[in-house]
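Structure first, commentary second.
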Amino acid sequence: QGVRAGGRKSAWAAAGILSTNAVYFALSATSIAALLLASYETFQAIKWLGAGYLIYLGLRCIFARTTPLTPTAARTPASGWRIWLNGVLVQGANPKALLFFGAVLPQFIDPARPIGTQVFIMGATSISVEYCILLGYGFLAAQAVSALSHERYGKLINRLSGGLLIAAGLGMARLHRS
């Protein structure tokens with residue numbers, strides 16, 4: 001999003017990703033994540049929806065008519081809410097994030113102390129740090145537009161990122177529960 005819409009608009013994408021992470025964090029804290037992950041059908045549905053969405057995004061990149069690194073295409077006006085929703089969908093299609101939070105969070109909870117406070121502090125800290133990191137990526141990507149504005153690089157980046165998204169989707173499709 002930093003490449004397509006600029007550094008400031010990438011903040012919306014980061015907020016979308018982190019909105020989903022906050023939901024994953026809450027699910028993990030309430031043990032609902034364990035129930036969802038214990039259901040084979042739910043896990044499979046999330047896995048296949050996520051894999052399909054990543055492959056769709058990859059194909060969209062590969063077959064894009066305009067390159068996102070051209071100065072005119074790079075600053076396409078996009079609604080902040082639409083960018084936020086895209087961030088929510090991309091992160092929501094990633095069941096590994098739910099697995100991560102479900103596996104990591106319980107290890108840092110002290111049952112002798114108020115659990116709600118601990119979860120809130122961990123969640124706020126995690127989201128704050130990750131927001132700064134994602135914003136940094138967004139602003140760096142926005143700066144890359146001027147450095148890589150040649151059409152040849154744009155096509156290469158489209159194909160490379162599309163191929164990586166498809167590979168991630170295929171990798172997700174091969175994911176097995178242990």
Check your understanding: residue 47: which lysines have alpha carbons under 23 Å from its alpha carbon, excluding same-chain residues fewer than 8 sequence positions away?
Key -> 96
Review point. Distance in nm between label sites at residue 121 and residue 59, each 7 Å beyond Cα in the beta-carbon direction?
Key: 4.9 nm
Revision key, fill the gap. Here FRET efficiency (C-beta to C-beta, residue 31 to residue 160, R₀ 45 Å, nearest 0.05) is 0.65
Study note, to complete from the structure: residue 113 and residue 79 label points (each 7 Å along its Cα→Cβ direction) are spaced in nm at 4.2 nm
Practice item. Using a 10 Å cut-off on Cβ atoms, rank the peptides 134-141, 110-117 from the highest mean neighbour count down. Key: 134-141, 110-117
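No value in this document is a laboratory result; all are computed from the given coordinates. This is a predicted model, so every value here is computed, not measured. Positions of Cβ are backbone-derived with ideal geometry, glycine not excepted, and every protein chain shown enters the neighbour counts.
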